[in-house]
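Trainee: Please find one structure pasted underneath; my questions will follow.
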Amino acid sequence: MAKLFRAVIMGPPGSGKGTISERIAQRFGLTHLSSGDFVRENIAANTDAGVLAKTYIERGLLVPDHVMTRLLLPRLEEMTRHSWLMDGFPRTLAQAKALNSTCDLDLVISLNIPYETLKDRLSDRWIHPASGRVYNMGFNPPRVQGRDDISGEPLIHHDDDKPEALVARLRQYKDLAKPIINLYKSKGILHTFSGTDTDRIWPYINSLLSTKIPSTSQTDTQRIPMP
Ligand SMILES: Nc1ncnc2c1ncn2[C@@H]1O[C@H](COP(=O)(O)OP(=O)(O)OP(=O)(O)O)[C@@H](O)[C@H]1O
Ligand SMILES: Nc1nc2c(ncn2[C@H]2C[C@H](O)[C@@H](COP(=O)(O)OP(=O)(O)O)O2)c(=O)[nH]1
């Protein structure tokens, strides 16, 4: 069996983690795991962890480490046959240490995007709450304004994405991410990408991953056909 590939993508809110993760998943055939989606699934299914997580999310807080690890680590342990890319976890050093003791990561992508860009993107971010699908009125607008492409349900704009809330969220991200980034730097697996446009960052991520992911993990449809 081909060697499995395990990666994490980090970045402040609005840095493009979800957008880039989807591209990576499509291009390289990795499974895109999103901690936010896991949390939402557990809330919808009314699991013990979901009920607990909801009380924090409703107050705009991060879910405590022990709840997140209890939710996510068993799922990762089950993924013995899949290569994956995790988006949204770890968010604290304690989570990073817990992840460390579960698996060996091959690579960490860190996105470094200017504040003004984040502010502009998030003020224009619309979300389909049930699925977590994300739209941006300039970058990837929905087919019908204000409606999710798949379900047709209304899109919402999070209060969290308003500029007033963003400064505090960014500060929290910086404080929490710093020791995690240092940990991955010291392991030699950190790769940082800076810029204002996902489309300009993407080719660099694409070529880095092409050198790291064994070609057998990539899906057939993504190979360039022979002439
Ligand atoms: N690793 C984590 N640790 C703690 N709480 C988490 C974690 N991942 C998700 N959550 C909780 O779930 C919520 C939704 O997460 P999600 O990543 O979808 O959205 P977000 O916080 O708005 O992130 P972003 O703006 O970067 O996309 C978070 O606001 C937080 O309360
Ligand atoms: N204008 C513009 N918008 C972008 C670009 N890349 C992503 N976006 C949009 C999509 C979303 O509405 C928003 C945030 O992206 P996201 O992928 O949800 O980020 P993240 O919060 O998961 O890190 O910005 C980009 O390069 N330009």
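The values are calculated or read from the model by the stated rules, or taken from the named source; none is laboratory data. Every value quoted in this text rests on a predicted model; they were computed, and no experiment measured them. In this analysis, Cβ positions are derived from the backbone assuming ideal geometry, glycine residues included, and neighbour counts consider all displayed protein chains. Areas reflect the complete protein model, heavy atoms only, side chains present, ligands, DNA and RNA absent. Shrake-Rupley method; radii C 1.70, N 1.55, O 1.52, S 1.80 Å.
Trainee: Please give the residues of the stretch 42-65, grouped as numeric ranges, whose backbone N is less than 14 Å from a label point set 7 Å along the Cα-to-Cβ vector of residue 130.
Mentor: 44-45
Trainee: Leaving out ligands, DNA and RNA, and with a 1.4 Å probe, what % of the accessible surface on the chain is carbon or sulfur?
Mentor: Values: 6620 of 12520 Å².
In the chain, the share of accessible area belonging to carbon and sulfur is 53 percent.
Trainee: Let me ask another. Would you mind computing, in nm to one decimal, how far apart the modelled labels at residue 178 and residue 153 are, each placed 7 Å from Cα along Cα→Cβ?
Mentor: The modelled label-to-label distance comes out at 3.9 nm.
Trainee: Sticking with this structure for a sec: Express in nm, to one decimal, how much length is gained between residue 57 and residue 115 on full extension, taking 0.36 nm for each residue of separation and deducting their alpha carbon distance.
Mentor: Result: 18.5 nm gained on full extension.
Trainee: Using 0.36 nm per residue of separation minus the Cα-Cα distance, give me the extension gain between residue 143 and residue 80 in nm, one decimal.
Mentor: Between residue 143 and residue 80, full extension yields 18.9 nm more.
Trainee: Calculate, in nm to one decimal, what residue 207 and residue 66 gain on full extension: separation in residues at 0.36 nm each, minus their alpha carbon distance.
Mentor: Full extension from residue 207 to residue 66 adds 47.2 nm.
Trainee: Let me ask something else. Percent antiparallel among DSSP beta bridges with both residues in the stretch 6-210, to the nearest 5?
Mentor: Expressed as a percentage, antiparallel bridges in the stretch 6-210 total about 30.
Trainee: Roughly how many nanometres apart are two label points built 7 Å out from the Cα toward the Cβ at residue 104 and residue 191?
Mentor: In this crude spin-label approximation the distance works out to 1.9 nm.
Trainee: Can you figure out the FRET efficiency of residue 123 with residue 47, using R₀ = 41 Å and their beta-carbon distance, to the nearest 0.05? Present the calculation step by step, with values, prior to reporting the outcome.
Mentor: On the way: r = 34 Å, r/R0 = 0.82.
Once rounded, the FRET efficiency stands at 0.75.
Trainee: Given Cα pairs under 8 Å that are at least 6 residues apart, what percent is the relative contact order of the chain?
Mentor: 29
Trainee: In square angstrom, what is the accessible area per residue of the chain with a 1.4 angstrom probe?
Mentor: Numbers: 12520 Å² over 227 residues.
For the chain, the per-residue accessible area is 55 Å².
Trainee: Now for a different question. Could you give the spread of the C-alpha atoms of the chain along their three principal axes, from largest to smallest, in whole angstroms?
Mentor: 46, 43, 34
Trainee: Using per-residue counts of other Cβ atoms within 10 Å, averaged over each peptide, order 11-22, 54-65 from highest down.
Mentor: Working: 11-22: 21.7, 54-65: 13.4.
My ranking of the peptides, most packed first, is 11-22, 54-65.
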